Amino acid sequence: MTTTDALTAATLRLRAAGCVFAEEEAAILAEAAAETAATAEEETLAALVERRAAGEPLEQVVGYADFCGVRVHLRPGVFVPRVRSELLVRLGATIVRPDSLVVDLCCGSGALGLALRHRVPGIILHAADLDPVATACAVDNLGEKSIVHQGNLFDPLPAQLRGNIDLLLANVPYVATHHIPFLPAEARDHEPATALDGGVDGLAVFRAVTRAAPAWLAPAGVLLSEITEAQAETALAIAAGNGLTATITTDDDLDARVIVARQARPRQGKR
Ligand SMILES: C[S@@+](CC[C@H](N)C(=O)[O-])C[C@H]1O[C@@H](n2cnc3c(N)ncnc32)[C@H](O)[C@@H]1O
């Protein structure tokens, strides 16, 4: 089969499977197959096409996502960074300086920290996630310049970070449990429930993070979390209830909404 024939066959297979951008995806898969040729991980174009036709997210099939100016390596079963999360990175970049201490909590692949470090080189970046598959992926992405921890929320972070975090990026799971069945199959079937499910109102993990955040943030530290429009009022109340002063920033083009929560009463004796 010629390369053109293989591409045509891939496009037809993807189109039959319901891929809207079948031609573009076939080209991306062909490029990925060519990159793995002659390596131990070699996968033929046909094999990649079958994974995609079975509903696996394109980014997991090719092993990367281009996000916010950086290429993020992905593994099967790791949350695919969403385009809308660029708002978290943009806001983060307006808050930090090159020597700021940043924690990417619930880091998944480490995409947010990586993109922020690309924009503001020099930040001291720690990342943490509960899922060992995600933290392995974050290590791939963040390398030796940053430290990746595995465990529940703040538990695995070194005690020295307490009271010193300038920016806490926390893109926690925030889909309400009853909305999970309505997510696209790509997410439902190929991303772990722990990456998506935020409990009854989607804010269970956000509540836990916000409860602990004041003790971990520096006196002028900021917590950034993505939320939905329906969650905005409750999220603001949760932040206020934990002594944080919060506002909501939106980007309609990205369909993104971020709660920006600051330490309301700077504490003495830190940093
Ligand atoms: C919505 S994904 C976000 C991933 C990444 N920050 C991004 O934007 O691409 C949420 C992540 O939170 C992690 N997670 C869920 N519950 C957690 C917990 N209790 N402690 C730490 N990480 C948790 C999941 O494993 C998942 O990687």
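Bear in mind that the values in this text are calculations on the coordinates, not laboratory data. What you see is a predicted model, and the numbers here were worked out from it, not measured in a lab. For neighbour counting, all protein chains shown are included, and Cβ atoms are generated from backbone atoms with ideal geometry for every residue, glycine included.
Most mobile of ALA127, ALA239, ALA27 per a Gaussian network model of the chain (Cα springs, under 10 Å)?
Taking springs between Cα atoms under 10 Å, the residue moving most is ALA27.
Of all DSSP beta bridges in the range 83-263, what percent run antiparallel (nearest 5)? Kindly include the intermediate steps, with their values, before the conclusion.
On the way: 13 of 31 bridges.
If I count the DSSP bridges inside the range 83-263, around 40 percent turn out antiparallel.
Among ILE124, PRO192, LEU29, which residue has its Cα furthest toward the positive end of the charge dipole of the chain, with +1 on Lys/Arg Cβ and -1 on Asp/Glu Cβ?
Positive-end residue among those listed: ILE124.
With the alpha-carbon atoms as the only input, what is the per residue convex hull volume for the range 137-271 in Å³?
Numbers: hull volume 17.7 nm³, N = 135.
In the range 137-271, the Cα convex hull volume per residue is 131 Å³.
So how far, in whole Å, is the C-alpha centre of the range 221-249 from the one of the range 104-162?
Rounded to whole Å, the Cα centres lie 22 Å apart.
Any idea what diffusion coefficient the range 102-201 gets from Stokes-Einstein, in µm²/s, Kirkwood Rh on alpha carbon pairs, 4 °C, 1.567 mPa s? Let's see the in-between values first.
Numbers: Rh = 14.2 Å.
Diffusion coefficient, whole number: 91 µm²/s.
Output the relative contact order of the range 167-212, whole-number percent, from Cα pairs under 8 angstrom with separation of 6+ residues.
On the way: 50 pairs, mean separation 22.9, N = 46.
RCO, the range 167-212: 50 percent.
Rounded to whole Å and sorted largest first, what semi-axes of the equivalent ellipsoid does the C-alpha gyration tensor of the range 1-125 yield via the square root of 5 times each eigenvalue? Walk me through the numbers on the way to the answer.
Details: eigenvalues 236, 41, 28 Å².
Working through the eigenvalues yields semi-axes of 34, 14, 12 Å.
How fast does the chain diffuse by Stokes-Einstein, in µm²/s, taking the Kirkwood radius from C-alpha pairs at 37 °C and 0.692 mPa s? Can you show the working numbers first?
Working: Rh = 19.5 Å.
Answer from the Stokes-Einstein relation: 168 µm²/s.
Can you give the Rg to Rh ratio for the range 3-54, taking only C-alpha atoms and Rh from Kirkwood? Kindly include the intermediate steps, with their values, before the conclusion.
Working: Rg = 10.3 Å, Rh = 10.7 Å.
Taking Rh as the inverse mean 1/r over Cα pairs, Rg/Rh reads 0.96.
Counting only C-alpha contacts under 8 Å and six or more residues apart, can you give the relative contact order of the range 83-263 as a whole percent? Numbers along the way, then the final one.
Numbers: 375 pairs, mean separation 37.8, N = 181.
It rounds to 21 percent for the range 83-263.
Determine the sum of side-chain charges near ILE123: Lys and Arg each +1, Asp and Glu each -1, restricted to other residues whose C-beta is under 13 angstrom from that of ILE123.
Details: positive: ARG97, ARG117, ARG119, LYS145; negative: ASP99, ASP104, ASP166.
For residues surrounding ILE123, the net value is +1.
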